[in-house]
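Student: One structure coming up, written as structure tokens, with questions to follow.
No lab work stands behind these numbers, since they all come straight from the coordinates. Just so we're clear, the structure is a prediction, and the values are computed from it rather than from any experiment. FYI the Cβ positions are ideal-geometry reconstructions off the backbone, even for glycines, and counts take in every protein chain you see.
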Amino acid sequence: MSFISLLWVLLLGSLLGLELIGKVPPTLHTPLMSGANAISGITMLAALTLIVKAEGNLALLIIGSVSLGFALFNVVGGFFVTDRMLAMFSRKPSNKK
Amino acid sequence: MNLPVIIKFVIDLLAVLLLALGIKGLSKVKSARDANRLAAFAMSLSVVGLLSYYLGTSGITIQSWIWIIIGSIIGSLFGAILAKKVPMTSMPETVALFNGCGGMSSLLVALGVAIFPISSSLENLDFFKSLINEVSISVSIFVGAITFTGSIVAMAKLQGWLSTPGWTQSKVRHFVNIVFAVASLIAFFDLINGNSSSIWLLVIVSSLLGIGVTLPIGGADMPVVISLLNSYSGIAAAAAGFVVDSQLLIVAGAMVGAAGLILTQVMCKGMNRSLVSVLFGGSLSAQTTTSSGSGEYTNITSCSVEECALTLEAANKVIIVPGYGLAVAQAQHTLREVTKKLEQNGIEVVYAIHPVAGRMPGHMNVLLAEADVPYEQLKEMDVVNPDFPATDVVLVLGANDVVNPQAKNDSSSPLYGMPVLDVQEARTVFVIKRGMSAGYSGIKNDLFDLPNTSMVFGDAKKVLNDLIGELKDLGVGEK
């Protein structure tokens, strides 16, 4: 990929992000924050790339592995905790009846 | 193009689409849970896409697999355990911790690439390309480090492990932070100039900058800061995307970065604070101790739990105003028992939720939902405000600034203009509170002085427990 097209990707991605969230009810601020936070753990892909391309360089393998651990901690924890919060909202309609 | 490239391209495209739908869905109550799962699915899809690409092209060595598996298992395991175990009341600091780790991950990737250039991607670089490479590495380190240390400080402050040091409220902090910022810039340009040893300087000063900026910020503003740091971690991820040449990373990072900014803005509005004053103003209480708002209470009425129970028993309509104090006392379940009794007696009970009630916007909804409060009983401020004049009793539980009439009446008050709940319009207001201490803002609450307000002093949970006992004695809620 040329640098210019990567810049386009950056620009369009940012615009998409700005558009995605218009009105958010306050109820959802916390879950939305923690869900978006889990997505930012997408750096796990960069960590994976690092490990795969390390070519036997032990230091690089370790850095990549630690980085992967941090990212997955973010991703897995983030999604689980968001799900836990949202589960409480969706449980209610069934309680009512 | 060969097959692995095409497959990866399609998977990446699909993942981006699903992630965007996920973020979109998360902003609606109905679709939120499915959207979260969709986003999680998209993330796993992207991993599969990347791994299958490498398997189809360069291959993955056994050694790489081992390190991938070690990192994945440890990270996922700790993440899952923490997510399951953490109590709902500590949600804000948990999000901060996760966020910091995301920043750390971007930081480490950039460090790794900077110290040991990845062979295949850095061969035959012309000047322009290597410049871009240096810039993206530097940005990734800079933003990643700020995100990490900032989030950790935010978490420590929310946990109560760190208090706000005095010097951070004086002008000194601006000087200190400017020094860190300038040092970061110098290291940044030095690094781009090819002096690779300054990478450590960049790591250190940007970490210090993250600490220096977050440390002075007061507890009430912390949610905004966490949201902003969340946006930063998206930017860090996008920068890491430039480092390893991944469009998917750039798109996802940019989306989170931009969405995080919007969310930060929305939160600021709800709290009547501007982002600039949150970041550079220090904690609100420090500004206001000298200005208006301080003052003596002249007309405090305190009453016993028994009186409170008697008034509640005679009421037709009761509105509960839960706040931070309730969250701290973890009294949401006890509160639910009280309201159950009242409901059994045919008393209409509604919860008035201020947009920033609790420790984070939306936090109170989560806490009450945990205590099985029906969703229909949770009313947002704009909906519930016209109801107060027709309400017999308002119970204020651990809320303070959000029920301060100063915000409407006193244009000299720092709270002036903040949307508040008009509880003083109700016939009787009971404020359950530990003592006369001020709220987050450190400002005197005029509500406490009003003739229709009575204070019930005590820990929220204990008062509510006593209330249950008194109501039982009165025969309320027993059929």
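Student: What order do you get for B:Lys30, B:Lys269 when you list them from fewest to most C-beta neighbours inside 10 Å?
Tutor: B:Lys30, B:Lys269
Student: Work out, in µm²/s and without decimals, the Stokes-Einstein translational diffusion coefficient of the range B:299-446 at 4 °C, 1.567 mPa s, Rh from Kirkwood over C-alpha pairs. Walk me through the numbers on the way to the answer.
Tutor: Working: Rh = 15.5 Å.
Rounded, D is 84 µm²/s.
Student: Now for a separate question. Less than 18 Å apart at the alpha-carbon level, and either on another chain or at least 8 residues along: which aspartates and glutamates does that give for B:Lys157?
Tutor: Straight-line reach from B:Lys157, under 18 Å: B:Glu93, B:Asp221.
Student: Can you give me the angle between helix B:3-25 and the longest principal axis of chain B, using Cα atoms only, in degrees from 0 to 90, rounded to the nearest 10?
Tutor: 20 degrees
Student: Can you sort B:Ser72, B:Ser206, B:Ser304 by how many other beta carbons sit within 10 Å, fewest first? All intermediate terms of the calculation are to be shown ahead of the outcome.
Tutor: Values: B:Ser72 20, B:Ser206 26, B:Ser304 13.
Placing the least packed residue first, the sequence is B:Ser304, B:Ser72, B:Ser206.
Student: Roughly how big is the protein assembly as shown's charge dipole about its Cα centre, with Cβ charges of +1 (Lys, Arg) and -1 (Asp, Glu), in debye to the nearest 20?
Tutor: Dipole size: approximately 740 debye.
Student: Looking at chain B only, what percent of DSSP beta bridges run antiparallel? Nearest 5 please.
Tutor: 0 percent
Student: Can you give the angle from 0 to 90° between the axis of helix B:305-314 and the longest principal axis of chain B, with both taken from C-alpha atoms, to the nearest 10?
Tutor: 80 degrees
Student: Of B:Ser90, B:Thr57, B:Ala15, which is farthest along the charge dipole of the range B:1-133 in the positive direction, counting Lys and Arg as +1 and Asp and Glu as -1 at C-beta?
Tutor: Value: B:Ser90.
Student: Specify the longest stretch of chain B that does not include any exposed loop site, a site being one of the GluC sites (Glu not before Pro) with a non-H, G, I, E, B DSSP assignment and at most 10 other Cβ atoms within 10 Å.
Tutor: With a cap of 10 other Cβ atoms within 10 Å, the longest stretch comes to B:297-477.
Student: Sticking with this structure for a sec: By how many nm would the segment from B:Ile69 to B:Thr298 lengthen if fully extended, with 0.36 nm per residue of separation less the alpha-carbon distance? It would help to have the intermediate numbers written out before the result.
Tutor: Numbers: separation 229, 0.36 × 229 = 82.44 nm, distance 6.60 nm.
In short, 75.8 nm is gained.
Student: Can you give the Kirkwood hydrodynamic radius of the range B:128-279 from its Cα pairs, in Å with one decimal?
Tutor: 16.1 Å
Student: Using only Cα atoms, locate the centre of the range B:37-83 and the centre of the range A:15-72, then give the distance between them in Å, rounded to an integer.
Tutor: Cα centres, the range B:37-83 to the range A:15-72: 12 Å.
Student: A follow-up question, please. When DSSP assigns beta bridges and you keep just the ones with both residues in the range B:367-467, what percent turn out antiparallel, to the nearest 5?
Tutor: 0 percent
Student: Moving on to the next point. Determine, for B:Tyr324, B:Tyr232, B:Tyr53, the number of other Cβ atoms within 10 Å of each Cβ, and report the residues in order from fewest to most.
Tutor: Values: B:Tyr324 23, B:Tyr232 28, B:Tyr53 20.
So the ranking, lowest neighbour count to highest, is B:Tyr53, B:Tyr324, B:Tyr232.
Student: Give, rounded to the nearest 20 debye, the magnitude of the charge dipole that chain A has about its Cα centre when Lys and Arg contribute +1 at Cβ and Asp and Glu contribute -1 at Cβ.
Tutor: 660 debye
Student: Here is a further query. Counting partner chain Cβ atoms within 10 Å of every residue's Cβ in B:224-234, what's the average?
Tutor: Working: counts 0, 0, 4, 6, 0, 2, 8, 5, 1, 8, 9.
Shielding by partners across B:224-234 averages 4.
Student: On to the next question. For the protein assembly as shown, build the charge dipole from Cβ charges (+1 Lys, Arg; -1 Asp, Glu) around the Cα centre, then report which of B:Ile141, B:Leu310, A:Ala71 sits farthest towards its positive end.
Tutor: So the residue we want is A:Ala71.
Student: Aspartates and glutamates within cross-link reach of B:Lys444: Cα-Cα under 17 Å, excluding same-chain residues under 8 positions apart?
Tutor: Within reach: B:Glu296, B:Asp401, B:Asp410, B:Asp422.
Student: Counting only other residues whose beta carbon sits under 9 Å from that of B:Ala331, what net charge do I get with K and R as +1, D and E as -1?
Tutor: That sum, taken over residues with Cβ under 9 Å, equals +1.
Student: Using the Kirkwood radius built from alpha carbon pairs, what does the Stokes-Einstein equation give as D for chain B at 37 °C and 0.692 mPa s, in µm² per second?
Tutor: Stokes-Einstein gives a translational diffusion coefficient of 131 µm²/s.
Student: Take every Cα-Cα distance within the protein assembly as shown, group them into 20 Å bins from 0 onward, and report for each bin the whole-number percent of pairs it holds.
Tutor: 21, 48, 24, 6, 0
Student: Let me have the relative contact order for chain B, percent, based on Cα pairs under 8 Å that are six or more residues apart.
Tutor: The normalised contact order for chain B reaches 13 percent.
Student: Cα centroids of the range B:185-234 and the range B:341-415: how far apart, whole angstrom?
Tutor: 38 Å
Student: Based on the Kirkwood radius over alpha-carbon pairs, what value in µm²/s does the Stokes-Einstein equation return for the translational diffusion coefficient of chain A at 20 °C and 1.002 mPa s? It would help to have the intermediate numbers written out before the result.
Tutor: Numbers: Rh = 16.2 Å.
Rounded to a whole number, D works out at 132 µm²/s.
Student: Can you give the angle from 0 to 90° between the axis of helix B:198-214 and the longest principal axis of chain B, with both taken from C-alpha atoms, to the nearest 10?
Tutor: Value to nearest ten degrees: 10.
Student: I would also like to ask the following. Just want the answer: with Cβ charges of +1 for Lys and Arg and -1 for Asp and Glu, which residue in B:Val463, B:Leu447, B:Asn409 is farthest toward the dipole's positive end in the range B:341-479?
Tutor: B:Val463
Student: Can you return the aspartates and glutamates within cross-link range of B:Lys171? Criterion is Cα-Cα under 18 Å, with same-chain partners fewer than 8 residues away left out.
Tutor: Qualifying aspartates and glutamates at Cα under 18 Å: none.
Student: What order do you get for B:212-218, B:111-117 when each peptide is scored by the mean count of other beta carbon atoms within 10 Å, highest first?
Tutor: Order by mean packing, descending: B:212-218, B:111-117.
Student: For the range B:174-227, what relative contact order do you get, as a whole percent, if you take Cα pairs closer than 8 Å and at least 6 residues apart?
Tutor: The normalised contact order for the range B:174-227 reaches 36 percent.
Student: What dipole magnitude, in Debye to the nearest 20, does the range B:1-109 give about its Cα centre under +1 on Lys/Arg Cβ and -1 on Asp/Glu Cβ?
Tutor: Details: 8 positive and 3 negative charges, 78 e Å.
Roughly 380 debye, rounded to the nearest 20.
Student: Taking 0.36 nm per intervening residue step and subtracting the Cα-Cα distance, what contour gain separates B:Val172 from B:Ile81 on full extension?
Tutor: Numbers: separation 91, 0.36 × 91 = 32.76 nm, distance 4.09 nm.
Full extension of this stretch gives 28.7 nm more.
Student: Do any of B:Lys340/B:Lys379; B:Lys28/B:Lys341; B:Lys84/B:Lys461 go past 21 Å between their Cα atoms, and which?
Tutor: Correct reply: B:Lys28/B:Lys341; B:Lys84/B:Lys461.
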